């Protein structure tokens, strides 16, 4: 389809016209005149508009953005704040853009693709802007996006064979290859992916793109983020970017990148759509931002082999509009979510843009650029690195590893101590671990020259199945608990859970996570080893905690999860919030250190169903910062035995209360392994002391101690026995 070089020029029709003469815009401070060619009467028409009116007409036409949704993805063009801000801040920018458009339109109209070049290579950099959330997508997801781009732009996408027969002969082979950069602007080694931590990922506007940008004459910049300014993706036509290089690139939602990970195959073609705009393609219905409107029939996309259409937001393959026998609903420049083709005419239009100096597109594929960005050849090895999908598994489970070294790896040797296989040369080995323990992994790679090695010590933790016997009392008195009994997860690499002797509810030590306003929004985990609950009559978890807010607005969270399958899946069972139940010590503006038992809270979980009575039971404490104070945990008790069991030879080392439930008489029975001091504490369901604590010295052996249950009101209570080598607890009922 051929139209005037000016958007919104009036009615158009199909057909080929002679090359127009030069189109000139005449600008004053108050008005702008523009010429439009009307094929109907074969003459040019001049219209005179005020500059504000002209801008209002053009703004919806140059800015493209798509929102997610099965009903299409409407343009952001009706909210052109970014472009208006640019025009307001740069007098003359509109006139410069119109001049660039006139030059690009003339070049496109006269462009005839010859045989001088069959493929154009474009270096690409993907800037992942994230706030440590799921928008921090993997390298593998980025690689998948580049794969899809190259298939779509080279007529290699497998679904092209499913294009409606009416359009099979129009499927275009654009001949553009996208390669992730192998050298950054300073000539350093790169894989073409950058990562920047910023809360602007939740905005995705122009200011976000200014966090990082590589020279547009050498790289196609793509920013992946959590929120793309209210859209799924957006970019600008080359005419607007010609004198605005700071905005040159494509912004896209991270979960629309590629077809794996956080994305899906149905969302994987949005980047192809945006690259089309970046290379001067319009929507199939033209410059309207309202697909489906009958008024779109009076517009065009300046491409001869795409039928006139109103535009589609759903995949109606028999759809026909504007007098067309059938619309090209499966075109990448539609909103139908079943896109699988460009046309040959669209291919020519994009190559015309790529060979034009407008927005420096013709510099991207020059040999000097390809050499400077490292994509002219396979590249040299410059980094050894790898990733794996799991860091904790139970015995007998497998872990997937992947070599992410770059570039041009021709030889690799993995070492998996404790694993099967123990060595491998595969790029994606799968390793099984059969014995509990903590294991290192190393990888050595070579490109045929000197080799590089990366080793990660203590990377893999293999847990027992069945797990440890219960009950378990954890007071964090030992330095050897990490790796054997507890695993810390610290995705941000900052302050995390660590043993401290600054405070404790019992004994000398507890575990603490440092917290401050700078850590707001970050999460850390403390996960247990496996416990054998396969024969448990019930599961009860109790623990002590101490937390203070820095100010009354803090709402930090402590969540407790349980798993029945070694941590493959987790189920939330309790949440304490800083604004309500977590703040055991009120508000402390300075660094918080609990100084007495009254600043500690007590909590228990007994809402764990029999479905979790497995041999791979685990518990996980997750702390999410909201800028409050430090959190302390102590005396975690996990009791998998039925409440009120009688003492037997097998259970003499456990606590038992007889009878349980009780009325006015009961005794505590247990085995004291070593002589020493015993402190007994009875608390109610809220964690408050029910009777004064008692301290006594005991000799080794079987102990039987009367309890003051006659002083207790009916209800549920917890008795804790603080022994020289452990803290044990048991629940009992007073009727």
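The table below lists the values:
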read-out: Filter result (surrounded by fewer than 17 Cβ atoms within 10 Å (Cβ to Cβ) and either in contact with a strand residue (DSSP E or B) (Cβ under 9 Å, 6 or more places away or on another chain) or closer than 30 Å to residue 182 by Cβ (or both)) within region 96-113; value: 113
read-out: Residue match in region 73-88 (condition: modelled with pLDDT of 55 or more, assigned to a loop (DSSP other than H, G, I, E, B) and more than 41 Å from the chain's Cα centre (by Cα)); value: no
read-out: Which listed residue, of 611, 607, 629, 637, is in a strand (DSSP E or B) and either surrounded by fewer than 22 Cβ atoms within 10 Å (Cβ to Cβ) or touching a residue at least 40 places away in the same chain (Cβ under 8 Å) (or both); value: 637
read-out: Scope region 518-537; condition more than 14 Å from residue 624 (Cβ to Cβ) and surrounded by fewer than 19 Cβ atoms within 10 Å (Cβ to Cβ); matching residues; value: 518, 534, 535, 537
read-out: Single match in 595, 580 (criterion: free of Cβ contacts under 8 Å to residues at least 24 places away in the same chain and either more than 24 Å from residue 537 (Cα to Cα) or surrounded by fewer than 16 Cβ atoms within 10 Å (Cβ to Cβ) (or both)); value: 580
read-out: Filtered residues of region 554-577 (kept if in contact (Cβ under 8 Å) with a residue 40 or more places away in the chain and either over 27 Å from the mean Cα position of the chain (by Cα) or outside any strand (DSSP E or B) (or both)); value: 554, 555, 556, 564, 565, 566, 567, 570
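The values are calculated or read from the model by the stated rules, or taken from the named source; none is laboratory data. Keep in mind the model is a prediction, meaning the values are calculated, not measured. Cβ sites come from the backbone with ideal geometry, for glycine too, and all protein chains shown count toward neighbours.
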